[in-house]
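To keep things clear, I will list the structure first and then write my remarks on it.
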Amino acid sequence: MEKVQRLRAMGSLCRQQAAYNSMNKWKLLAEAEYWDHLADLELSSYFQQCNAVSANEIERPQAIANTNDARQETISSA
């Protein structure tokens, strides 16, 4: 998350510079968009990793429950 904050800060600095530098305004605004895009990608990646971990934690108990059910069926069959 710190990386996202740094990337957003870079975008903000570019916008501030664009406000005072009319000669390079469009270049600086384009650079700000670039930094924001990188921040969005980083944030998206972070949430995908969080969701993947959560999905794995949810699936594990189900797999254990299924294993226990199979053992109970085997025992009752004997």
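FYI, it's all coordinate maths here, none of it is from the lab. What you are looking at is a predicted structure, and each value in this text was computed from that prediction instead of being measured. Positions of Cβ are generated from backbone atoms using ideal geometry, with glycine treated the same way; all protein chains shown enter the neighbour counts.
Values computed for the structure shown
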| quantity | calculated |
| --- | --- |
| Distance (nanometres) between label positions extended 7 Å along Cα→Cβ at TYR20 and ALA52 | 4.2 |
| GLU2 versus ASP40: modelled label distance in nm, points set 7 Å from Cα along the beta carbon direction | 2.6 |
